[in-house]
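Colleague: Quick one: this structure, given as structure tokens, is what I'll be asking you about.
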Amino acid sequence: MIAEELVDERISLDDWEVGELSIEYDDQEPQEVIRWALETFASDRVAVCTSFQIDGMAILDMAWRINPEVRVFTVDTGPCHRRATSSSTGYGSATGCRLRCISPTRGRWRRWCGARARTCSTAPCRCG
């Protein structure tokens, strides 16, 4: 059960605590790790990011089954594949899950592409 009262403060874990958590959850099912994150952090401080590929969809589905109010976002990298778009629309329609798409500004695209020597060759570059 998701905690009713969450304190709206940042949780800071030191190296020892992270190591202890790593040992504790090492042999747990992924749902248990996701449950821990959703129950530990305030709902406005945790979200699932997915590109709607098979692994991301599995994580999204697990998180949604634990907490249907989980925040979900994707990053629009330009070359949006039709399958990813239809997956996001279909999943959102089937579950009521609200998805947020984050699109970088044109200036950020220019900086990103320039730093990578315009390696975005799978689709027209959005930098220009």
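The values are calculated or read from the model by the stated rules, or taken from the named source; none is laboratory data. This structure is a prediction, so every number in the text was calculated from the model and none was measured. Every residue, glycine among them, receives a Cβ derived from its backbone with ideal geometry; neighbour counts consider all protein chains shown.
Colleague: Looking only at residues that are of a type outside the set (A, V, I, L, M), under 15 Å from the mean Cα position of the chain (by Cα) and not in a loop (DSSP other than H, G, I, E, B) in the range 32-43, which one is surrounded by the fewest Cβ atoms within 10 Å (Cβ to Cβ)?
Modeller: That would be SER43.
Colleague: Looking only at the range 15-62, which residues are farther than 14 Å from THR74 by Cα and aromatic (Phe, Trp, Tyr)?
Modeller: TRP16, TYR25, TRP36, PHE41
Colleague: Can you name every residue in the range 48-76 that is touching a strand residue (DSSP E or B) at 6+ places or on another chain (Cβ under 8 Å) and exposed (fewer than 15 other Cβ atoms within 10 Å of the Cβ)?
Modeller: CYS49, PHE73, VAL75, ASP76
Colleague: Can I ask one more? Within the range 44-123, considering only helices (runs of 4 or more DSSP H) that don't extend past its boundaries, which have at least 2 residues that are modelled with pLDDT under 65? Break it down stepwise before answering.
Modeller: Working: elements: 54-66, 82-95, 106-115.
Fully inside the range 44-123 and qualifying: 82-95, 106-115.
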